[in-house]
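Student: For reference, the structure I am asking about is given below.
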Amino acid sequence: MLEGQFPYTRLRRNRQFAWQRELVAENHLKISDLILPIFLTEGKNTRQKIDNLPDVFRFSIDLAIKQAKIAKDIGIPAIMLFPLVEQNKKTIDGKEAINSKNLICRAVTAIKKAVPEIGIICDVALDPYTTHGHDGVFCQKTNSVLNDETIEVLCKQSLVQAKAGCDIIAPSDMMDGRIMMIRDYLDQNGFQNVGIMSYAIKYASNFYGPFRSAVGSDKNLAKADKKDYQMDFRNAREAIREIALDIEEGADMIIIKPGMPYLDIIRSAKDNFNIPIIAYQVSGEFAMLKYAALNKAIDFNRAYLESLTAFKRAGATSIISYGALEISDLIKGC
Ligand code: PBG
């Protein structure tokens, strides 16, 4: 190397000006990368705050329609719906989940009619509907969720949601074999075109707290956990097996959840499988960003944009995030 030339390679050359950084940027967040979750509640013209989830609300169906319209107008391709089921409708078996006139089904039909251009994704699991807060049929004797019995109910839950007009079913229960059974059940009932976005990877995470208060499963669940069906956060190779099985069973897309602490899992999914990968930035992650910003530890907009872009860099195709509406102006400007 000639004298005076050190350092020969100067990576900072590419970072000097905004236009230059723009020219070499490897990943871009787009509004069409985002999925907006909407929490639902009974009533009219009702907007409720959610404990420990700043700036996120539950909406009655009429206001949820308005949210869906705003989302569509700014270019968000799809919404994901979650219900707060009234406590007196919760049972041990969660049978309200298969009532074709339940809150979620009424919301799907109403939103589909008012905003037909937006995709509607519905969660499939029993936790908003059960008195014990678990995702499936709970056996007190063994203190566990019964796998095959739960799948039977999930199939019926998927069907009522498909009949209501849901475009994509998203099973979040982590039972073994449910993707195959749900696919089969939907097909047999003439819903071949309803997609399955499987929560292939769902860790038994400590970041779901605000969501559980949003759907009111926190008090029902009390001190119980979901470790005997959701994945152990110490494991990564097992995630590959989960994804492989769900793809084999007929999943059209897979969800990885939580998001920010699991970017390694998103990357390995991207490297190993040719299927759309949806990252879920869950409620606890979103709350962390909000509370840190409220305490002035970070700038919310900048940190939020960075967190979502990191999902893209890790390999996510799209991202479910509670601030999808908030971020749209920022994306336009970046
Ligand atoms: C229901 C479900 C949960 C979430 C999405 N679907 C909670 C859980 O498994 O307890 C969490 C989402 C979030 O925290 O934002 N099975």
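Student: So if each residue of separation counts as 0.36 nm, and I subtract the Cα-Cα distance between residue 87 and residue 270, what length gain in nm does that give?
Tutor: Roughly 61.8 nm would be gained on extension.
Student: With a 1.4 Å probe and all protein chains left in place, how much accessible area per residue does region 1-82 have, in Å²?
Tutor: 66 Å²
Student: To continue, here is another question. Accessible area of region 1-140 with a 1.4 Å probe: how many percent of it is carbon plus sulfur?
Tutor: 53 percent
Student: If you look for lysine pairs in region 183-320 that are eight or more places apart or on different chains, how many of them have Cα atoms under 14 Å apart?
Tutor: So the count works out to 4.
Student: At 1.4 Å probe size, what's the solvent-accessible area of residue 22? Round to the nearest 10 Å².
Tutor: About 100 Å², rounded to the nearest 10.
Student: Can you bin region 198-313 into rounded, prolate or oblate? Criterion: square roots of the alpha carbon gyration tensor eigenvalues sorted a ≥ b ≥ c, rounded for a/c under 1.5, prolate for a/b above b/c, oblate for the rest.
Tutor: oblate
Student: Once ligands and nucleic acids are excluded and a 1.4 Å probe is used, how much of residue 288 is accessible, expressed in Å² to the nearest 10?
Tutor: Around 100 Å² of this residue is reachable by solvent.
Student: While we're here: Gain in length, residue 294 to residue 225, computed as 0.36 nm per residue apart minus the alpha-carbon separation, to one decimal in nm?
Tutor: 21.9 nm
Student: Give, rounded to the nearest 20 debye, the magnitude of the charge dipole that region 255-334 has about its Cα centre when Lys and Arg contribute +1 at Cβ and Asp and Glu contribute -1 at Cβ.
Tutor: Charge dipole of region 255-334: 60 debye, to the nearest 20.
Student: If DNA, RNA and ligands are ignored and the probe is 1.4 Å, what is the ranking of 285, 238 by accessible area, most exposed first?
Tutor: 238, 285
Student: Of the accessible area of region 233-285, with the probe set at 1.4 angstrom, what percent is carbon plus sulfur?
Tutor: Carbon and sulfur together cover 48 percent of it.
Student: I'd like to check one number: the per residue accessible area of region 197-302, probe 1.4 Å, reported in Å² as a whole number.
Tutor: Roughly 48 Å² per residue, with all protein chains present.
Student: When only DSSP loop residues count, what trypsin sites (Lys or Arg not before Pro) in region 280-323 have their Cβ near at most 14 other Cβ atoms within 10 Å?
Tutor: Taking region 280-323 and a limit of 14 other Cβ atoms within 10 Å, the loop trypsin sites (Lys or Arg not before Pro) found are 296.
Student: Please give the FRET efficiency for residue 62 paired with residue 131, using the beta carbon to beta carbon distance and R0 = 25 Å, rounded to the nearest 0.05.
Tutor: Rounded to the nearest 0.05, the efficiency is 0.30.
Student: While we're here: Using unit Cβ charges (K, R positive; D, E negative) and no other charged atoms, how large, in debye to the nearest 20, is the dipole of the chain about its Cα centre?
Tutor: 1040 debye
The values are calculated or read from the model by the stated rules, or taken from the named source; none is laboratory data. Keep in mind that this is a model prediction, so the values were computed, not measured. Please note: Cβ atoms are built from the backbone with ideal geometry, for glycine as well, and neighbour counts cover all protein chains shown. We work out accessible area using only protein heavy atoms, side chains counted, and drop any ligands, DNA or RNA first. Shrake-Rupley method; radii C 1.70, N 1.55, O 1.52, S 1.80 Å.
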